[in-house]
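As structure tokens, the structure follows; a few thoughts come after it.
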Amino acid sequence: MTELTSLTIAEARAKLSAKEITAVELTDAYIAAIEAANDTINAYVAVTPEKAREMAKTSDARIAAGKAGALEGIPLGIKDLFGTEGVHTQACSHILDGFEPRYESTVTQNLWNDGAVMLGKLNMDEFAMGSSNETSYYGPVKNPWRAKGSNLDLVPGGSSGGSAAAVAAHLCAGATATDTGGSIRQPAAFTGTVGIKPTYGRCSRWGVVAFASSLDQAGPIARDVRDAAILLKSMASIDPKDTTSVDLPVPDYEASIGQSIKGMRIGIPKEYRVDGMPEEIEALWQQGIAWLRDAGAEIVDISLPHTKYALPAYYIVAPAEASSNLARYDGVRYGLRVDGKDIIDMYEKTRAAGFGQEVKRRIMIGTYVLSAGYYDAYYLRAQKVRTLIKRDFEVVFDAGIDAILTPATPSSAFGIADEDLAADPVKMYLNDIFTVTVNMAGLPGIAVPGGLDRKGLPLGLQLIGKPFEEETLFKTAHVIEQSAGRFTPSKWW
Amino acid sequence: MSVDLATVKRVARLARIAVSEEEAARMMGELNGILGFVEQLSEVNVDGVEPMTSVTPMNMKKRADIVADGGKAADVVANAPNSDRNFFVVPKVVE
């Protein structure tokens, strides 16, 4: 019999509803897998086996009663950024030590309402600031993928590194993640998984620890395109508790899987061909173009002239919003407190001890660009550039382009504690060069595996869609998946 | 634009983050690296361009002006490092 943990969500759903397996059996299989692997992979920062078994029992009862929800009995991992009632929620930061909210985020509540089972909380870069999962207070996550013939530990990408690694290593059936500049799509690309950042406003931000509020958006990381569609259907909702949640009904994303892309117009932006990009990335991109053309899509060269300004604009907008959002961590209401000689001293010592280096760096940049005399030169200008970036996309979509195909990342996964990257924060930021434009414009973007590089490591392709046209992305990504196949790391842990 | 050590210390003070001399010096280099990187935005012509204030064109949703939640003082202070009878306790701020 196949291992229960190797089942996709769709496969597990079929076996559960046919009563070939029980939710408790499935959950137990995942808990055993986590216990065996987590000391090595470090994907989970908190495992909740009792809660998981309790939820699985309830699922079995609901299945028996014919009242199964869309995700009934499916064991999921939850990124530590989502507020989960009475359970470790620390954004993998020291400053939120011991924080267990008395509320549940809308996205996770939606999942539980549909019958999903929570296995625990997943590792991530501190406050979702990072592209390698190395800024976590709980230490780096190891990528389940290794280069052929090498035992060097690689990063799973970030910030949703725990989510991506757990999905790739079969330590959960699927995971929640969040994406502010690429934090779903880059780790998905590094681990051979599928990750979608939906349109801004599609998933509620309520109860999710805030990083940069005008960019943050939740989405799933899954083993294949269908599973990602199933998960997004449950995560997305119209939420009166989030004023930026959009009043549009959530479509049945899974229904778009298998639909034809014949006659679709796919844009290929010339600005995504960057200096120093490895040949293999270019080859992957060409392969993706060929697959879509073979499936009947029309390939159109397009230009998005302000692409190169997206990353610098992001490094003004995101830190500015972060410095404001993270002002709440002051040692008074929750988390860490370091005593001082007066209240200011207490704030300063608490924040010095509680935030890691990358978070401090971004708060400092944000504070500086918002400080008196600099607002117009930095923040206002960056928001104007953002308008131009968004306009670039509007122009090509108005000209009849249905979706845009690009590489997901400029490289495959790199080593943990890479010295080059550690020495230069900007170099690390360049990981998000292909993904960050999508956040700046609020558009949906999906990363889907396209193949392996010559080291045997996964590479991803990205599809960018029109606002709220996630269905187009799912059906197009599925075409790529049908051609490329699926990729699973061989188990070494 | 670049920052000097005095500016780094002033910004750290504004951000309420205690920094040592060594940290301030290290941060100065890192911040100048990032500021140098974002400097390229100055070459973009933004004349007459409106700043982006909303990702999707929509009116802000408003809730009905009614009490729908509350009475959760104990929940609100549950995670506080120091609280007393549902008040947050902080060092003395008024002489």
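All of the numbers you see were taken from the coordinates with simple rules; none came from a lab. Predicted model, so just to flag it, every value in this text is computed and none were measured. Every residue, glycine among them, receives a Cβ derived from its backbone with ideal geometry; neighbour counts consider all protein chains shown.
Output wanted: per-residue J couplings in Hz (rounded whole) for region A:256-273, from phi through Karplus 6.51 cos²θ - 1.76 cosθ + 1.60, θ = phi - 60°, x for Gly and Pro.
These are the phi-based 3J(HN,Hα) values: 7, 5, x, 6, 6, 10, 4, x, 5, 9, 9, x, 10, x, 5, 6, 8, 8 Hz.
Just want the ordering: B:Val44, A:Val438, from fewest to most Cβ atoms lying within 10 Å of their own Cβ.
Neighbour counts put them in this order, fewest first: B:Val44, A:Val438.
Got a sec to turn the phi values of region A:327-340 into Karplus ³J(HN,Hα) couplings, 6.51 cos²θ - 1.76 cosθ + 1.60 with θ = phi - 60°, whole Hz, x for Gly and Pro?
Working through the residues one at a time gives 5, 5, 8, 10, x, 9, 9, 6, x, 5, 10, 10, 5, x Hz.
Along region B:12-24, what does the Karplus equation 6.51 cos²θ - 1.76 cosθ + 1.60 (θ = phi - 60°) give for ³J(HN,Hα), rounded to whole Hz, x for Gly and Pro?
Calculated HN-Hα couplings, in order: 4, 5, 4, 7, 6, 10, 5, 10, 7, 4, 5, 4, 4 Hz.
Using a simple charge model, +1 on the beta-carbon of Lys and Arg, -1 on the beta-carbon of Asp and Glu, nothing else, what dipole does region A:1-142 show about its Cα centre, in debye to the nearest 20?
420
Rounding to the nearest 20 debye, state how big the charge dipole of region B:41-95 is about its Cα centre with +1 on each Lys and Arg Cβ and -1 on each Asp and Glu Cβ.
My answer is approximately 400 debye.
Pop the C-beta distance of A:Arg62 and A:Ala36 into the FRET formula with R0 = 25 Å and round what comes out to the nearest 0.05.
The pair A:Arg62/A:Ala36 has a calculated efficiency of 0.30.
Place a point 7 Å from Cα of B:Arg85 in the direction of its Cβ. Which residues in region A:318-346 have their backbone N less than 11 Å from it?
No residue passes the distance filter.
Using a 10 Å cut-off around each Cβ, can you sort A:Ser131, A:Ser150 from fewest to most neighbouring Cβ atoms?
A:Ser150, A:Ser131
Run the helix sum for chain A: -39,500 (n - 2.57) per DSSP H stretch of 4+ residues, divided by residue count, reported at 222 nm to the nearest 500 deg cm²/dmol.
-11500 deg cm²/dmol
Classify chain A as rounded, prolate or oblate, taking a ≥ b ≥ c as the square roots of the eigenvalues of its Cα gyration tensor: rounded when a/c is under 1.5, otherwise prolate if a/b is larger than b/c and oblate if not.
The shape class here is rounded.
Applying 1/(1 + (r/R0)^6) with R0 = 22 Å to the Cβ-Cβ distance of A:Arg53 and A:Glu85, what FRET efficiency is obtained, to the nearest 0.05?
According to the calculation, E is roughly 0.80.
Are there trypsin sites (Lys or Arg not before Pro) in region A:303-390 that DSSP puts in a loop and that have at most 12 other Cβ atoms within 10 Å, and which ones?
When the trypsin sites (Lys or Arg not before Pro) of region A:303-390 are filtered for loop state and at most 12 Cβ neighbours within 10 Å, A:Lys341 remain.
What's the average, rounded to a whole number, of partner chain beta-carbon atoms within 10 Å of each residue's beta-carbon in A:196-204?
So the per-residue partner count for this stretch is 1.
When the dipole is taken about the Cα centre of region A:174-241, and only Lys, Arg (+1) and Asp, Glu (-1) are charged at their Cβ, what size is it in debye, to the nearest 20?
100
Can you pull out the trypsin sites (Lys or Arg not before Pro) in region A:413-474 that DSSP calls coil and that have at most 12 other Cβ atoms within 10 Å?
The qualifying sites are A:Arg454.
Report the one residue of A:Asn439, A:Thr406, A:Pro467 whose Cα lies farthest in the direction of the positive end of the charge dipole of region A:388-493 (charges on C-beta: Lys and Arg +1, Asp and Glu -1; origin at the Cα centre).
A:Thr406
Loop-only trypsin sites (Lys or Arg not before Pro) in region A:51-135, please: DSSP not H, G, I, E or B, and at most 14 other Cβ atoms within 10 Å.
Answer by residue number: A:Lys67, A:Arg102.
How do A:Asp227, A:Asp398 line up, fewest other C-beta atoms within 10 Å first?
In increasing order of surrounding Cβ atoms, one gets A:Asp398, A:Asp227.
What FRET efficiency comes out for the pair B:Thr53/A:Met277, r = Cβ-Cβ distance, R0 = 35 Å, nearest 0.05?
Between B:Thr53 and A:Met277 the formula returns 0.55.
List the residues whose amide H sits under 5 Å from the amide H of B:Val44, counting only those 5 or more places along or on another chain, with H placed 1.01 Å from N in the peptide plane.
none
Which is farthest toward the positive dipole end of region A:62-102 among A:His94, A:Leu71, A:Gly83, measuring Cα position about the Cα centre, with Cβ charges +1 (Lys, Arg) and -1 (Asp, Glu)?
Going by the Cα projections, it comes out as A:Leu71.
Over chain A, what is the relative contact order in percent, taking alpha-carbon pairs closer than 8 angstrom and at least six residues apart?
Computed over chain A, the figure is 18 percent.
What residue among A:Gln217, A:Ala229, A:Ser245 has its Cα farthest toward the positive end of the dipole of region A:186-260, where the charges are +1 on Lys, Arg and -1 on Asp, Glu, each on the Cβ?
My answer, from the dipole projection, is A:Gln217.
Under the rule that an exposed site lies in a DSSP loop and has at most 12 other Cβ atoms within 10 Å, name the longest stretch of chain A with no GluC sites (Glu not before Pro) of that kind, not counting the sites themselves.
A:21-493
When Lys and Arg each count +1 and Asp and Glu each count -1, what net charge do the other residues less than 9 Å away from A:Ala10, Cβ to Cβ, add up to?
Value of the local net charge: -2.
Could you check the spin-label model distance between A:Leu380 and A:Ala353? Points 7 Å from the Cα along Cα→Cβ, value in nm.
Label at A:Leu380, label at A:Ala353, 4.1 nm between them.
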